[in-house]
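Working notes for the structure below.
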Amino acid sequence: MKTTELRIGNYVNGIYDEGEFIAEVLTVDSEGCLLDANGIYELTSLKVIKPIPLTEEWLIKFGLKYHDLNGDSGYYQILTKNGIFQILYSENDERFIFNNQWVDYVHELQNIFYFNVLTNEELTIKL
């Protein structure tokens with residue numbers, strides 16, 4: 001991953017000899033990231049950080065609710081301080097869309113939410 005893709009608070013997969021784990025980004029610089037995996041802190045190279053695929057399970061963890069449009073598509077939404085944030089789901093493509101842009105990973109959704117809600121709200125869960 002690139003440092004320009006990540007922000008503090010993003011969720012990513014860290015990969016080590018012991019396997020893969022979900023972690024929150026605490027710091028980002030050109031060398032890597034400091035990750036928090038449930039209270040275990042690791043300074044990690046960007047080479048071993050992988051994005052987490054965005055799934056319905058993640059949207060639900062973030063508090064978004066599904067609304068069916070017509071049987072083959074729908075949208076997820078969450079109330080924010082500034083109103084409603086929505087992300088469309090295309091069953092045909094099995095992908096999520098925000099403002100005509102595909103959203104494939106958890107950190108992308110977090111960044112889109114942060115910059116589009118305009119209240120500096122974060123999408124967070126308890127790991």
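Each reported figure results from applying straightforward, stated rules to the coordinates on display, with no laboratory input. Please read these numbers as outputs of a predicted model, since none were measured by experiment. No Cβ is skipped: glycine too gets one built from the backbone with ideal geometry, and neighbour counts run over all protein chains shown.
Quick one: how many lysine pairs in the stretch 1-108 have C-alpha atoms under 28 angstrom apart, if they're 8 or more apart or on different chains? Taking the stretch 1-108 as the scope, the lysine pair count is 8.
Taking R0 as 22 Å, what FRET efficiency do you get between SER90 and LYS61 from their Cβ-Cβ distance, rounded to the nearest 0.05? All intermediate terms of the calculation are to be shown ahead of the outcome.
Values: r = 21 Å, r/R0 = 0.94.
Efficiency, rounded to the nearest 0.05: 0.60.
Relative contact order of the stretch 3-50, please, whole-number percent, based on alpha carbon pairs below 8 angstrom and at least 6 residues apart.
Relative contact order, the stretch 3-50: 33 percent.
Here's the picture: charge each Lys and Arg Cβ at +1 and each Asp and Glu Cβ at -1 in the stretch 56-117, and of TYR114, GLN77, TRP58 the one pushed furthest to the positive end of that dipole is TYR114.
In terms of surrounding Cβ atoms within a 10 Å radius of their Cβ, GLU31, GLU24 rank from fewest to most as GLU31, GLU24.
Compared with the dominant principal axis of the Cα atoms in the chain, helix 106-117 is inclined by about 60°. Can you bin the stretch 56-117 into rounded, prolate or oblate? Criterion: square roots of the alpha carbon gyration tensor eigenvalues sorted a ≥ b ≥ c, rounded for a/c under 1.5, prolate for a/b above b/c, oblate for the rest. The shape class here is prolate. Amide H to amide H, with H built 1.01 Å from N, ILE52 comes under 5 Å of ASN13, VAL106, HIS107, counting only residues 5 or more places away or on other chains.
Starting from the Cα gyration tensor of the chain, take the square roots of the eigenvalues, sort them a ≥ b ≥ c, and report rounded, prolate or oblate (rounded when a/c is under 1.5, otherwise prolate if a/b is larger than b/c, else oblate). Mind dumping the intermediate values first?
On the way: a/c = 2.11, a/b = 1.73, b/c = 1.22.
The shape class here is prolate.
Working from Cα pairs under 8 Å separated by at least six residues, relative contact order for the stretch 56-117 is 20 percent.
What full-extension length gain, to one decimal in nm, is calculated for LEU26 and LYS50 as 0.36 nm per residue of separation minus the Cα-Cα distance?
Stretched out fully, the LEU26 to LYS50 stretch lengthens by 7.1 nm.
Near ILE8: Cβ cut-off under 12 Å, other residues only, Lys/Arg at +1 and Asp/Glu at -1. The net charge is -3. For the stretch 3-50, dividing the convex hull volume of the Cα atoms by the residue count gives 65 Å³ per residue.
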